[in-house]
1. State whether region 226-268 is rounded, prolate or oblate according to the following rule on the C-alpha gyration tensor (a ≥ b ≥ c being the square roots of its eigenvalues): a/c under 1.5 gives rounded; otherwise a/b larger than b/c gives prolate, and the remaining case gives oblate.
2. Quick one: work out the % antiparallel among DSSP beta bridges in region 1-150, nearest 5.
3. Over region 4-81, what is the relative contact order in whole percent, taking alpha-carbon pairs under 8 Å and six or more residues apart?
4. At q = 0.27 Å⁻¹, what base-10 log of I(q)/I(0) does the Debye formula yield for region 1-79 when every alpha carbon is treated as an equal point scatterer in vacuo?
5. If only Cα atoms are counted, what is the Rg of region 252-300, and what is its Dmax, in Å?
6. Label-point separation (nm) for PHE380 and PHE78, each offset 7 Å from Cα along Cα-to-Cβ?
7. With an 8 Å cut-off on Cα pairs and a minimum separation of 6 or more residues, tell me the relative contact order of region 92-227 in percent.
8. With every protein chain present, what is the per residue accessible area of the chain (1.4 Å probe, Å²)?
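The values are calculated or read from the model by the stated rules, or taken from the named source; none is laboratory data. Quick caveat, the model's predicted, so the values are computed rather than measured. All Cβ positions, glycine included, derive from the backbone under ideal geometry; neighbour counts span all protein chains shown. Only protein heavy atoms, including side chains, enter the accessible area calculation; ligands, DNA and RNA are left aside. Shrake-Rupley method; radii C 1.70, N 1.55, O 1.52, S 1.80 Å.
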Amino acid sequence: MREYLKKLPEEIKYLIALVRKVSKEISMPAYLVGGFPRDLILGAENWDLDITVEGSGIKFAEALAGRLNSGLIKHERFGTATLILGHRLKVDIATTRKEIYPSCASLPEVTPGSLKEDLFRRDFTINAMAFSLSGSSWRLIDVFGGKADLVAGKIRILHDLSFEDDPTRILRAIRFQQRYNFKIEPKTLSLLKEALNSGLLEKVNPHRRRDELILMFKEKNPSAQIKQLGDLGALSFISDKLKPAKPTYDLLKSVNKEIAWFMKNLPFHKQFDAWLIYFAALLESLTLAQAKKISRKLGLSKKEEEKIISCRKINRSFIRRLSSKRITPGQVFVLLKPLSYEAIIFLRSVSQDGLFKKHIADFLKLYNGLRLCISGDDLFRLGIAPGPKYRKILNRVLAARLNGKINSRQEELALARKLAKSIT
């Protein structure tokens, strides 16, 4: 393990060293498990530490949180806890446990177990390894051949009932396959297809399906994830109406490109939900009613649903107006200002027209966030009675500012005074 640790950032090295110290002090063997050992071996970045202990995960977490002076969220029922460290590091601590699934797609019944039982309950061999953080030696515990599968680039389940126990593993198999450019080994692929044909994903709670779908959309190349699902005929878990063809996949690729453009050119703008843009693109071939039905079935919030619907309200007339050579900055502002960033990025994805894209880029880089020097208070001082007239005047002044006709507070006031006489 030491050769792997050399590659880690100092803050992770420090945290692992502290876990080892706490493990020794309270006599609870501790292990790094899950995705962190996998990515450590692969040399991939991972800031999420999963630690399992033979003893009490809650007590271990309390001791570690005390050393770090950090916040702690405890889940007594499951014997787990999450440390709140205030930066990109995330630490989950759990008691070694075993799981029994009462029925297909149900949540498991959890009881304390051995480390081997804890590793066996996981989804794939590559996620069923552990690094011991106890004792003087740093050793990899790999009872199910996870490292060999990592080297071979294979996704393999641990037992034949894996997909029946938890059908969301179907989605995770595809996610890991695409992320690492691995192959799903033949028997696992056969059982995966069998689970799909049996409709097991449809038995999963809709919110869990949504969460797994969001994780797919948060990968670096979501279009490949969705294409693989489509090729397997697995998108019926979203809707049996969803049968994407080449235009949908092309749109997903375009979304990927436009999100990358936004992140590169406008890194300081407010955050947006990239996954919502991909989801809107995936639903583009469906009717508005069908899109709403899917959003509600998966338990999206009202705000999330509204953002998806706003992407669908973009029609040919809207695109034609925004592609015009004669459109003014003020008119561009009026068209785009009401839209969310998700809808605006979606807009840039649906057309390859250069002028259209330029107008959107100008809005994001130059016009968005522009504020007038004058306000309603200034209009009141000019003797204009409060009312709907204020909005009309300020909108006209803003349009003049955007179009470069006025540039100072004095010019804004002069135009407002003039408009007050002509606007009713």
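1. Here region 226-268 falls in the prolate category.
2. 80 percent
3. 26 percent
4. Log10 of I(q)/I(0), two decimals: -1.42.
5. 13.0, 36
6. Simple spin-label model gives 5.3 nm for this pair.
7. Details: 172 pairs, mean separation 27.7, N = 136.
Reported relative contact order: 20 percent.
8. 51 Å²
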